[in-house]
Amino acid sequence: MFVSEALKINSQGHLEIGGCDCVELAKEYGTPLYVMDEGLIRKNCRTYKNAMDNYYNGNGLVLFASKAFCTMAICRIAQQEGLGLDVVSGGELYTAIKAGFPMDRVYFHGNNKTLDEINMGIDNNIRRFVVDNREELDRINDIAAQKGKVVNISFRIKPGIDAHTHDFIQTGQIDSKFGVALENGEAFEIVKYAASLKNVKVIGVHCHIGSQIFDLAPFELAAKVMIEFISKLKNELGIEIDELNLGGGFGIKYINEHDPIEYDHYIESVSKVVKSLCEDRKIKLPFIVMEPGRSIVASAGITLYTIGAVKDIKNVRKYVSVDGGMTDNPRYALYQSPYDAVIANRPDAVRCDTVTIAGKCCESGDLLIKDITMPEMKSGDILAVLATGAYNYSMSSNYNRIPRPPVILVKDGTARVIVKRETYEDIIRNDIMPEDL
Ligand SMILES: *Cc1c(COP(=O)(O)O)cnc(C)c1O
C-alpha cells in the first residue's frame, strides 16, 4: 500500500514507522521532523553485504555513500553492518572520524579536493583517494612526499555511459566535471603518469554512472568497459589493477510508478560479468567496490509536517502549505523529484482531491509535491512525505533562517534523537556584530 516497507497502519488507525506512531512522534518531537527506520537501514546494508559475500566470495567492499545522509549515528550503523564509507568532503570525513569509523574503510571522492582535505585524508590514513584529475594527483603525491608516505589511489574514470536516459547510450558522458575520460585517452595517460610518481600507488579504477537507475544493463556495460580498460593497462603498461569500483546509483521507489530491482541483483549481475570477462581476458579477479547511498537510506526515512494554510484558488490550483519546505527537502525545487505523501492521522482516508504541497519559504518554487491526489486535508493534520531518507537532511539549508528539523531514529517502538533540532541561537551562532558598527 505504501511506497516504503517501513510503513504501516497501527491499531489507532495512524501511520506507524519502526513501531512508533507518527502522530505521537509529531506531538513529542514537534514538526517538521525527519524520522528514520533503523531496521530498514540495517536490512538494506545487509542485502548488499550478503550479496557481495554470496556472489563474489566476499572479495569486495560495499561503501555507504555518506553524502546521502551523513550523521555520526549512521556512520556507526554502517560500521556495525560491515560497510565502508564514501566521503566527498572534509566535513563528511570529520563526521566519520568523530563517529570512530575505521579509516581503513574510508574512500575519499570529489572533483576538487582542497589541500586541507588531502592533508586530512593522508593524516588519518584513509584507505583510498579516488583521484579525479591531474592537478589533484600531483598535489596528493607532493603532500604524501612531504609526509614521507605512499598513498593508495584509484582513478575516477568517465566510462562514457549515460545511464540517465532510459535507453542508455555509450557516448556523450565526456561532458562532466567528474573524472578523466576513456575515449580520448585521458584516463590511460593519467594512470601511466601516476605509475611514474613515487608517493602514490595505483590500486584501482572507479566509475559512477548516474543515480536513481532502474536497470542492470548500464552497470553490466560499465563493468565491461572498465574491465577492458584494466586489461589494456595490463597489456600496454604492465600495470595490474587490484580494485574495480563501480559506484552507486541504484534506484528506489519514491512513487508507485517506480519499480526498483532488488538491490542484491546489482552485485549478482556485475559479479557474473566481471568473472567471465576476467577469465576471458586472462586478468586476475579484482576486488569489487560498490557505493550505494540513496538505496540504503531513502525508503527508511519520512518527514512529518503539520499542515497550515489551505488555499483553494478556484479553477487554478489548491495549495496546501506545511511548516517546512525546500529548506528540509530541496529536491523538488532542484530537480522536480516526485514524492508520495500520506496523512499520518488518517493514512487510509480516500484520496479524492488534487493538491499541491507547498513549503513556507519565500520562493514560488518552494514546493514539495506538485499535483498529488490526497484525501481532504485541513489545518492541523500531520502530513508524512515518504522516502525522504536520502538527500533531504544532507541537502537541508537555513534559507529564510529556518532552523533545521531534528532527525530521530526509530526501532521496535523506541525513538532516539540522532540530530537535535536547531534553535534560533544556532541560527545566529556564527554571526558577529562588530563593536564599532
Ligand atoms: C552520489 C554518489 C554515489 C551514491 O549514489 P546513490 O545514487 O545515492 O546511490 C556513489 N558514488 C559516487 C562517486 C557518487 O558521487
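The values are calculated or read from the model by the stated rules, or taken from the named source; none is laboratory data. Predicted model only: the values in this text are computed from it and were never measured. Glycine gets a Cβ as well: all are built from the backbone with ideal geometry, and neighbour counts include every protein chain shown. Side chains included, ligands, DNA and RNA excluded: accessible areas come from the protein's heavy atoms. Shrake-Rupley method; radii C 1.70, N 1.55, O 1.52, S 1.80 Å.
Could you tell me the relative contact order of region 38-296? Use alpha-carbon pairs under 8 Å, at least six residues apart, and round to a whole percent.
Working: 482 pairs, mean separation 52.2, N = 259.
Reported as a whole number, the value is 20 percent.
Roughly to the nearest percent, how much of the accessible area of region 38-296 is carbon and sulfur, given a 1.4 Å probe? Present the calculation step by step, with values, prior to reporting the outcome.
Working: 4830 of 10440 Å².
So the carbon and sulfur contribution to the accessible surface is 46 percent.
Taking the Cβ-Cβ separation of Asn57 and Asp215 as r and a Förster radius of 25 Å, what is the calculated FRET efficiency to the nearest 0.05? Mind showing how you got there, number by number?
Numbers: r = 25 Å, r/R0 = 1.02.
Approximately 0.50, to the nearest 0.05.
For every other residue with a beta carbon closer than 9 angstrom to the beta carbon of Asn199, add +1 if it is Lys or Arg and -1 if Asp or Glu, then tell me the sum. Present the calculation step by step, with values, prior to reporting the outcome.
Numbers: positive: Lys147, Lys149, Lys198, Lys201; negative: Asp142.
Charge balance in the 9 Å sphere: +3.
Calculate how steeply helix 134-147 sits against the longest principal axis of the alpha-carbon atoms of the chain, using the helix alpha-carbon long axis, and give the answer as 0 to 90 degrees to the nearest 10.
80 degrees
In nm, what is the difference between 0.36 nm times the number of residues separating Glu363 and Met103 and their Cα-Cα distance?
Details: separation 260, 0.36 × 260 = 93.60 nm, distance 4.13 nm.
Extra length from Glu363 to Met103 when fully extended: 89.5 nm.
Within 10 Å of each candidate Cβ there may be at most 14 other Cβ atoms; applying that plus a DSSP loop requirement, which GluC sites (Glu not before Pro) in region 214-281 survive? Each step should come with its number before you reach the end.
Details: sites: Glu220, Glu228, Glu236, Glu240, Glu243, Glu257, Glu262, Glu268, Glu279; in loops: Glu240, Glu257, Glu262.
Filter output for region 214-281: Glu240, Glu257, Glu262.
Under 8 Å for C-alpha pairs, at least 6 residues apart: give me the relative contact order for region 68-164, rounded to a whole percent.
Values: 117 pairs, mean separation 21.1, N = 97.
Relative contact order here is 22 percent.
Can you give the relative contact order of the chain as a percent, counting alpha carbon pairs under 8 Å and 6+ residues apart?
20 percent.
Give the dimensionless ratio obtained when the Cα radius of gyration of the chain is divided by 2.2 N^0.38 Å. Don't skip to the end; give the middle numbers.
Working: Rg = 23.2 Å, N = 437, 2.2 N^0.38 = 22.2 Å.
So the Cα radius of gyration is 1.05 times the expected 2.2 N^0.38 Å.
Tell me which GluC sites (Glu not before Pro) from region 397-437 have a DSSP coil assignment and no more than 10 other beta carbons within 10 Å of their own. Don't jump to the answer; show the numbers that get you there.
Working: sites: Glu422, Glu425, Glu435; in loops: Glu422, Glu435.
Passing both the DSSP loop test and the Cβ count: Glu435.
Counting only residues 5 or more places away or on other chains, whose amide H sits under 5 Å from the amide H of Gly293 once H atoms are built in the peptide plane?
The list, which skips near neighbours in sequence, is Ala65, Gly249, Phe250.
Leaving out ligands and nucleic acids, note down the accessible area per residue over the chain with a 1.4 angstrom probe, in whole Å². Let's see the in-between values first.
On the way: 18960 Å² over 437 residues.
The answer is 43 Å² per residue.
So if I place +1 on the C-beta of Lys and Arg and -1 on the C-beta of Asp and Glu, and nothing else carries charge, what would the dipole magnitude of region 38-296 be about its Cα centre? I want it in debye, nearest 20. Working shown, then result.
Values: 31 positive and 35 negative charges, 159 e Å.
So the magnitude is around 760 debye.
For region 251-333, which trypsin sites (Lys or Arg not before Pro) pass both filters: DSSP loop (anything but H, G, I, E, B) and at most 12 other C-beta atoms within 10 Å?
On the way: sites: Lys253, Lys272, Lys275, Arg281, Lys282, Lys284, Arg294, Lys311, Lys314, Arg317, Lys318, Arg331; in loops: Lys253, Lys282, Lys284, Lys314.
Qualifying residues, ordered by number: Lys282, Lys284, Lys314.
Would you report the distance distribution of C-alpha pairs in region 307-365 as whole percents per 10 angstrom bin, up to the bin with the largest distance?
19, 52, 28, 1
Using θ = phi - 60° and the Karplus curve 6.51 cos²θ - 1.76 cosθ + 1.60, what whole-Hz ³J(HN,Hα) does each residue of region 365-375 get, with Gly and Pro shown as x?
For region 365-375, the Karplus curve yields x, 7, 10, 9, 9, 9, 6, 10, 7, 10, x Hz.
Please name which of Val342, Gly91, Asn10 has its Cα lying farthest along the dipole of the chain towards the positive end, using unit charges on Cβ (Lys, Arg +1; Asp, Glu -1) and the Cα centre as origin.
Gly91
Give me a comma-separated list of calculated 3J(HN,Hα) values for region 36-53, in order, Karplus coefficients 6.51, -1.76, 1.60 applied at θ = phi - 60°, integers in Hz, x for any Gly or Pro.
Once θ is set to phi - 60°, the couplings for region 36-53 become 10, 8, 4, x, 6, 4, 5, 4, 5, 4, 5, 4, 5, 4, 5, 5, 5, 5 Hz.
With a ≥ b ≥ c taken as the square roots of the eigenvalues of the C-alpha gyration tensor of region 38-296, please select rounded if a/c is under 1.5 and otherwise prolate if a/b is larger than b/c or oblate if it is not?
Values: a/c = 1.56, a/b = 1.10, b/c = 1.41.
Cα axes put region 38-296 in the oblate bin.
What percent antiparallel are the DSSP beta bridges of the chain, to the nearest 5?
Values: 33 of 69 bridges.
About 50 percent, rounded to the nearest 5.
Does anything in region 227-271 have its amide N under 18 Å from the 7 Å Cα→Cβ label point of Lys284, and if so which residues?
Backbone N within reach: 227-245.
How would region 187-324 be classified by its alpha-carbon gyration tensor: rounded, prolate or oblate, with rounded meaning a/c under 1.5 and the a/b versus b/c comparison settling the rest? Don't skip to the answer; put the middle values down first.
Numbers: a/c = 3.56, a/b = 2.51, b/c = 1.42.
Since a/c reaches 1.5 and a/b is larger than b/c, the shape of region 187-324 is classed as prolate.
Evaluate E = 1/(1 + (r/R0)^6) for Lys311 and Glu422, where r is the Cβ-Cβ distance and R0 equals 22 Å; express this FRET efficiency to the nearest 0.05. List each step's numbers first, then the result.
Details: r = 28 Å, r/R0 = 1.27.
E between Lys311 and Glu422, to the nearest 0.05, is 0.20.
Pop a pseudo-label 7 angstrom from the Cα along the beta-carbon direction at both Tyr193 and Asn124 and give the gap in nm to one decimal.
About 2.8 nm separates the two model spin labels.
Using a cut-off of 11 Å between beta-carbons, work out the net charge of the residues near His208 (Lys and Arg +1, Asp and Glu -1, His208 not included). Mind showing how you got there, number by number?
On the way: positive: Arg156, Lys158; negative: Asp86, Glu291.
Neighbourhood net charge equals 0.
Taking R0 as 41 Å, what FRET efficiency do you get between Ser11 and Cys352 from their Cβ-Cβ distance, rounded to the nearest 0.05? Don't jump to the answer; show the numbers that get you there.
Details: r = 25 Å, r/R0 = 0.61.
Taking R0 as 41 Å, the efficiency between Ser11 and Cys352 is 0.95.
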